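These notes concern the structure reproduced below.
The values are calculated or read from the model by the stated rules, or taken from the named source; none is laboratory data. Here the structure is a predicted model, which is why all the values come from computation and not from measurement. Side chains are part of the model used for accessible areas, which takes the heavy atoms of the whole protein and leaves out ligands, DNA and RNA. Shrake-Rupley method; radii C 1.70, N 1.55, O 1.52, S 1.80 Å.
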Amino acid sequence: MSKILWLDLETYSEIPIKNATHTYAENVDVILFSWAIDKDPVQVCERYHKRKNS
């Protein structure tokens, strides 16, 4: 029987996404990642990452 994997993530970049998706993605930090399988409880991984060049 197949299972459904639900995913969601939140990202941050100093470069606005309206400037170009690829430029945003090259400079993005993932700050929140959540997942669930079927109707199991949602799991969340939250992190703060400071860029080395900041």
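How big is the Cα convex hull of the chain in projection, averaged over all directions, in nm²?
Projected area, direction-averaged: 5.1 nm².
Per residue, what accessible area does the range 5-46 have, given a 1.4 Å probe and all protein chains present, in Å²?
Accessible area per residue: 82 Å².
In deg cm²/dmol, rounded to 500, what helix-only [θ] at 222 nm does the chain give when every DSSP H run of at least 4 residues adds -39500 (n - 2.57) and the total is split over its residues?
Value at 222 nm, helices only: -2500 deg cm²/dmol.
Rounded to the nearest percent, how much of the accessible area of the range 5-46 (1.4 Å probe, protein heavy atoms only) is carbon and sulfur?
C and S fraction of accessible area: 58 percent.
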